[in-house]
Amino acid sequence: MLENLLAPAFLRPKVTEEDYKKLPMILQGVDAAARLSYMPPYVVDLNTQQFLYVSENPLALTGGKHDDSDLGSCQFYANHIPHECLEFLMEVSQISYQFLAAQPPEDRCLFTLSYNLNLRATNADQPALIYHQCTPLALDREGNVWLSSRTFALPHTDRIHEAYLRKAGSAQRWYYNRQLRCIEPCAPLALDEKEVAVIRLASRGLSVEDTARLMHKSVDSVKKYRNSLYEKLGVSSMTEAIAYAQCHHLL
């Protein structure tokens, strides 16, 4: 079962020794990016099914400190993800890679898959909900995904078994229809100028009154913008709206 967890067997990359000589420079770039982000990345080799890099950020993987022993196989998922979430992960991984294979090769590294996932943290009795994102980092010569860069973050909602795809530079989004086992388009998501301003000011800890003053709007108008945001993003608080907008690159 686990051998096809990361990608379908027929889309397994074909990688040469010359390709692997590029790894140190690729992983050096990932490590530099990890030092600038609160979302800890890790890198998976879809050819060997191994973890090639794990961020030192405590939020990464099981929540503890990491050393070379963490650079193991996809057995990690079976060990730390509850069965019902593991089934979902397998489904969405298989379908999303088939979706990518149908895209032009030059576009495949532009897509990001995101979803919430339960993960059993180190020395914890109950699994913790985390926000997981995956994007292709490198392709083989045939355009199949070779390296996958993935990140963990704190979730902005408590919903699970929902997965979305977005494409860099595009407002278009797709979601995983679990009932039909397929990727379908959903309404493009974009914020207008006033909604962006409300989120930016709220992220500074400003009150509704202070936000209204800086935007030269009435308090009632700012409240209306907030309610519109909650409805558009499917959240119930400004804290969730800020996290959602950041994670989905809406700002």
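Conditions tested, residue by residue: (1) under 12 Å from the mean Cα position of the chain (by Cα); (2) more than 21 Å from Leu52 (Cα to Cα); (3) outside the structural domain of Tyr42 (by TED's automatic domain parsing); (4) crowded, with 18+ Cβ neighbours inside 10 Å.
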position: His83; (1), (2), (3), (4): no, yes, no, no
position: Glu106; (1), (2), (3), (4): no, yes, no, no
position: Leu119; (1), (2), (3), (4): no, no, no, yes
position: Leu147; (1), (2), (3), (4): no, no, no, yes
position: Leu165; (1), (2), (3), (4): yes, yes, no, yes
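Return yes or no: is Arg159 in the same structural domain as Val15 (by TED's automatic domain parsing), surrounded by fewer than 15 Cβ atoms within 10 Å (Cβ to Cβ) and among the basic types (Lys, Arg)?
Working: in the same structural domain as Val15 (by TED's automatic domain parsing): yes; surrounded by fewer than 15 Cβ atoms within 10 Å (Cβ to Cβ): yes; among the basic types (Lys, Arg): yes.
Judged against the criteria, Arg159 is a match.
If you go through the stretch 124-141, how many residues are surrounded by 15 or more Cβ atoms within 10 Å (Cβ to Cβ) and either in a loop (DSSP other than H, G, I, E, B) or touching a Gly at 6+ places or on another chain (Cβ under 8 Å) (or both)?
First, pick out the residues of the stretch 124-141 that are surrounded by 15 or more Cβ atoms within 10 Å (Cβ to Cβ): 127-140.
Right, trim to either in a loop (DSSP other than H, G, I, E, B) or touching a Gly at 6+ places or on another chain (Cβ under 8 Å) (or both) and you get 127-128, 140.
Qualifying residue count for the region: 3.
Quick one: how many residues across the stretch 229-247 are crowded, with 16+ Cβ neighbours inside 10 Å and among the acidic types (Asp, Glu)?
Residues that pass the stated criteria total 1.
Give me the helices (runs of 4 or more DSSP H) completely within the stretch 183-251, filtered to those with at least 1 residues that are in contact with a strand residue (DSSP E or B) (Cβ under 9 Å, 6 or more places away or on another chain), ordered by residue number.
On the way: elements: 193-203, 208-215, 219-233, 238-247.
Once the helices (runs of 4 or more DSSP H) in the stretch 183-251 are filtered for at least 1 residues that are in contact with a strand residue (DSSP E or B) (Cβ under 9 Å, 6 or more places away or on another chain), what remains is 238-247.
Within the stretch 142-161, which residues are in a loop (DSSP other than H, G, I, E, B) and at pLDDT 90 or above? Outline the logic, then answer.
We begin by selecting, within the stretch 142-161, every residue in a loop (DSSP other than H, G, I, E, B); these are 142-144, 154-161.
Result: Glu142, Gly143, Asn144.
Run Ala243 past the list (1) closer than 16 Å to Leu113 by Cα; (2) under 15 Å from the mean Cα position of the chain (by Cα); (3) modelled with pLDDT under 90 and report the number of the one that doesn't hold.
All conditions are met except number (1).
The values are calculated or read from the model by the stated rules, or taken from the named source; none is laboratory data. The model shown is predicted, which means the values in this text are computed figures rather than measured ones. Ideal geometry is used to build each Cβ from the backbone, glycine not excepted, and the neighbour counts take in all protein chains shown.
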